[in-house]
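Below is one structure, written out as structure tokens; the observations come after it.
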Amino acid sequence: MKPEMERLLQLFDEARQSREREELFEAELEKLHAQHPGISREQLRRIVRAAYLRWLRASARPPTIPPSA
């Protein structure tokens, strides 16, 4: 995962808990939008939400350990 996306996902996670972090997330989203003007802000939000759900699932699962034979 790109560092920019991981930072955005962390800010999104924190924004759900803090108004101050929400402002940081919006600022990062605005920077990303400036880099990709062909994508609307709403499309970026949907992309981040989808990636956030995958990120949560990936971080919640413990690594699979095969059973010992």
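Bear in mind these aren't lab numbers, they're just calculated from the coordinates by the rules spelled out. Worth saying up front: this structure is predicted, and the values here are computed from it rather than measured. Neighbour counts are summed over all protein chains in view; Cβ atoms, including those assigned to glycine, are modelled from backbone coordinates with ideal geometry.
With axes computed from alpha carbons, what is the tilt in degrees of helix 3-15 against the longest principal axis of the chain, rounded to the nearest 10 within 0 to 90?
80 degrees
Placing +1 at every Lys and Arg Cβ and -1 at every Asp and Glu Cβ, with all other atoms neutral, what dipole size does the chain have around its Cα centre, in debye to the nearest 20?
The calculated dipole for the chain is roughly 360 debye.
What is the spin-label model distance, in nm, from Arg49 to Glu23 if the labels are put 7 Å beyond Cα along the C-beta direction?
2.5 nm
Using 1/(1 + (r/R0)^6) with R0 = 35 angstrom and r between the beta carbons of Ala34 and Ile65, what's the FRET efficiency to the nearest 0.05?
0.20
Springs between alpha-carbon atoms under 10 Å, Gaussian network over the chain: tell me which of Glu14, Glu26, Glu42 tops the mean-square fluctuations.
Looking only at Glu14, Glu26, Glu42, the largest GNM fluctuation is found for Glu42.
Mind checking Rg over Rh on the chain, alpha carbons, Kirkwood formula for Rh?
Rg/Rh: 1.13.
Loop only by DSSP, 16 or fewer other Cβ within 10 Å of the Cβ. Give me the chymotrypsin sites (Phe, Trp or Tyr not before Pro) in the chain that pass, ordered by residue number. Write out the running numbers ahead of the final one.
On the way: sites: Phe12, Phe25, Tyr52, Trp55; in loops: none.
Nothing satisfies the criteria.
Which residue fluctuates the most in the chain, going by a Gaussian network model with Cα springs under 10 Å, if the choices are Leu24, Leu56, Leu32?
Result: Leu56 has the largest fluctuation of those listed.
Go ahead and estimate [θ] at 222 nm for the chain from helices alone: -39,500 (n - 2.57) per DSSP H run with n ≥ 4, summed, over the residue count, rounded to 500.
Numbers: 3 runs with 50 residues, N = 69.
Calculated from helices alone, the mean residue ellipticity at 222 nm is -24000 deg cm²/dmol.
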